[in-house]
Amino acid sequence: MLDKATKSLLIAEIDKFLPKNNQDELVSAMRYMLFAPAKYIRPFLVIASSRVFNIEAVRTIPIAAAIECIHTYSLIHDDLPCMDNSDIRRGQLSCHKKFNEATAVLAGDALLTIAFEILSLLNEKYCEIVKVLSKAIGYRGMIKGQVMDIHADSDKIKEIHSLKTAKLFAASCEAGAIIGDATNEQREILHDYGMNLGLIFQAQDDIEDYEQDETNNLVSVLGKSGIKDYIEDLFNKASSNLNDLPGNTDYLYTVLNKIMKND
């Protein structure tokens, strides 16, 4: 999602807080997952949302870096044997497979912590962004979704998608709006766009994974025809969200169309 110049800014920002140190296993594990091949969708959403309000990418890079640290922490923990027990992440060995389980747990903890260290250097908007992110990833958000996912309750699959995935998409969009001094109404619109986008992303992921894992999969609940209708409805809602914004929404339309096409 990020162009080369913006991706370079993101990597440089992370390097400020997490310089390479091959002798430190914890740092190596953190960097191993942070710099694995990725689309960096959530950092892109921060930058794209702020551009609606004419904010240059360089001003939002610290927030984008912090959110990527949070997302990467969640992936490391999601892959652990006590969670999804996944061997592969982003086309390479998952963190606990590359290093060990204890290092993976601590690398995830450290990434979550460093995210708030990065955010702490912001101006007066820091507290508002921390509030938004904390709600999205805490016990009422992403962590709650992970608990529900462990119990594999197919009746609540949409809620799991909302909590585990869409809330961080929405928080990324809202963070960009906060930096852009958006009105409360504009923040809410971008939040709703992020929720709809995140739900499309997770539904597409379920379609892609269906043959490998039919358990707790939205295709199993809605059927192949039903999930296409579900995605189309979400796409229309997200498009409507963007139509209600006053600024340049081209970047947000771009990511919506890419995820819709599952590029």
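Might you let me know whether the stretch 58-80 holds any residue that is in a loop (DSSP other than H, G, I, E, B) and over 15 Å from residue 122 (Cα atoms)? Taking every residue of the stretch 58-80 in turn, at least one turns out to be in a loop (DSSP other than H, G, I, E, B) and over 15 Å from residue 122 (Cα atoms). A search for C-beta distances below 8 Å between a residue of the stretch 202-217 that is of a type outside the set (Phe, Trp, Tyr) and any residue that is in a loop (DSSP other than H, G, I, E, B) and surrounded by fewer than 17 Cβ atoms within 10 Å (Cβ to Cβ), counting only pairs 6+ apart in sequence or on different chains, returns 204/262; 207/262; 208/262; 215/152; 216/152; 216/153; 217/210. Every test in (1) open to solvent by 30 Å² or more (accessible area, probe 1.4 Å); (2) touching a helix residue (DSSP H, G or I) at 6+ places or on another chain (Cβ under 7 Å); (3) closer than 22 Å to residue 73 by Cβ; (4) of a type in the set (D, E, K, R) is passed by residue 187 save one, and that test is (3). Looking across 88, 76, 61, 67, one residue alone is within 10 Å of the chain's Cα centre (by Cα) and either over 20 Å from residue 128 (Cβ atoms) or touching a residue at least 40 places away in the same chain (Cβ under 8 Å) (or both). It is 67.
Within the stretch 223-240, the residues that satisfy the criterion of being open to solvent by 60 Å² or more (accessible area, probe 1.4 Å) and over 20 Å from residue 190 (Cα atoms) are 224, 225, 228, 229. Against the test of being without any contact (Cβ under 8 Å) to a residue 12 or more places away in the chain, surrounded by 15 or more Cβ atoms within 10 Å (Cβ to Cβ), over 16 Å from residue 68 (Cα atoms) and out of contact with any Lys or Arg (no Cβ under 7 Å at 6 or more places or on another chain), the options 131, 156 yield a single qualifying residue, 156.
Of the residues 112, 106, 45, which single one is at pLDDT 95 or above, assigned to a helix (DSSP H, G or I) and open to solvent by 60 Å² or more (accessible area, probe 1.4 Å)? Of the residues listed, the single one that is at pLDDT 95 or above, assigned to a helix (DSSP H, G or I) and open to solvent by 60 Å² or more (accessible area, probe 1.4 Å) is 106.
The values are calculated or read from the model by the stated rules, or taken from the named source; none is laboratory data. Bear in mind that the values here come from a model prediction, so they are computed numbers and not experimental data. Cβ coordinates were reconstructed from backbone atoms using ideal geometry, including for glycine residues, and neighbour counts include every protein chain displayed. These accessible areas exclude ligands, DNA and RNA; they are computed on the full protein's heavy atoms, side chains included. Shrake-Rupley method; radii C 1.70, N 1.55, O 1.52, S 1.80 Å.
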